[in-house]
Amino acid sequence: NVGKALAKSAVRAGHKVTLSAANPEHAEEAARATGAKSARSNVEAVKDAEIVIVAVPYDKLGDVFHGIGDSVDGKVVVDATNHVNLDSPGEVLSGLSNSEEIQKRHPKVRVVKAFNYAFASRMADPSMGGTRLDGFVAGDDQGAKDKVLELVESIGFRPIDAGPLVMARVFEGMALLNVALQIRHGWPWQNGWKLVGPPEE
């Protein structure tokens, strides 16, 4: 579970984290497991949040944003979701990304794409063999993006600014490739991404 893994990493990094879920009991269980707090609703969870991370199945995005309404207007919202359809990859690779759809429907939200391209195991431990995995971030609001880049680095990734929100389409393609490779080759769902060549900073 990406949301739970991110919560664990963020708490470990010293951030205050509040979790919510469709079933409040699930949020309470995840909070106990990660050291985060739990909220009884999404609206309660985002009320005082500086950064809101959405990590839900693609087909639940509409319900989530309908429920929170304008309570996220002006807030930095990180879209960590993926639209994965292995039977029809072209459906995912053509058209708008989830992030762009969110921004289009909720123009007052400061949407940033991050955390969708690695599996939950790597969110909980964003390194392999002593090397930091890369944490790519895309968005049109530079101030919002800078906040997310700081978060990405604080939990252990090497932060990389990938440019405007349209790059979220590439991120979702990366996630699709990651999933497809695990299935095709029987890999153990432990993958993240690392660009070799750019110097470590």
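For region 2-185, what is the relative contact order in percent, using Cα pairs closer than 8 Å and at least 6 residues apart in sequence?
Relative contact order for region 2-185 comes out at 20 percent.
Each residue of region 82-99 in order: what ³J(HN,Hα) in whole Hz does its phi give by Karplus 6.51 cos²θ - 1.76 cosθ + 1.60, θ = phi - 60°, with x for Gly and Pro?
Result, ordered by residue: 9, 9, 10, 9, 5, 6, 9, x, x, 4, 7, 7, 10, x, 6, 6, 4, 4 Hz.
Let's see if you can work this out: charge +1 on each Lys and Arg Cβ, -1 on each Asp and Glu Cβ, no other charges. What is the dipole magnitude of region 69-121 about its Cα centre, in debye to the nearest 20?
Its charge dipole is roughly 260 debye.
Sort Phe65, Phe171 so the one with the fewest other Cβ atoms within 10 Å of its own Cβ comes first.
By the 10 Å Cβ count, ascending: Phe65, Phe171.
By a straight-distance test (C-alpha under 23 Å), which lysines pair with Lys4 as possible cross-link partners, with residues fewer than eight away in the same chain excluded?
Here the lysines satisfying the reach criterion relative to Lys4 are Lys16, Lys37, Lys47, Lys60, Lys75, Lys113, Lys145, Lys147, Lys194.
Using helices alone, what [θ] at 222 nm do you get for the chain, with -39,500 (n - 2.57) per DSSP H run of 4 or more residues, divided over all residues and rounded to the nearest 500?
The per-residue figure over the chain is -12000 deg cm²/dmol.
Calculate the dipole size of the chain relative to its Cα centre from +1 charges on Lys and Arg beta carbons and -1 charges on Asp and Glu beta carbons; express the result in debye to the nearest 20.
My answer is approximately 340 debye.
Considering the options Ala30, Ser41, His185, tell which one lies farthest towards the positive end of the dipole of the chain, charges being +1 on Lys and Arg and -1 on Asp and Glu at the Cβ, about the Cα centre.
Result: Ala30, furthest along the dipole toward the positive end.
Output wanted: per-residue J couplings in Hz (rounded whole) for region 15-21, from phi through Karplus 6.51 cos²θ - 1.76 cosθ + 1.60, θ = phi - 60°, x for Gly and Pro.
Residue by residue, region 15-21 yields 7, 8, 10, 10, 9, 9, 7 Hz.
At q = 0.13, 0.17 Å⁻¹, what log₁₀ I(q)/I(0) does the chain have when each alpha carbon counts as one equal point scatterer in the Debye sum?
For the requested q values the scattering log ratios are -0.68, -1.22.
Every read-out reported here was derived from the displayed coordinates using simple, explicitly stated rules and does not represent laboratory data. Quantities reported herein were computed from a predicted structural model and do not represent experimental measurements. So basically every Cβ, Gly included, is an ideal-geometry build from the backbone, and we count neighbours across all protein chains shown.
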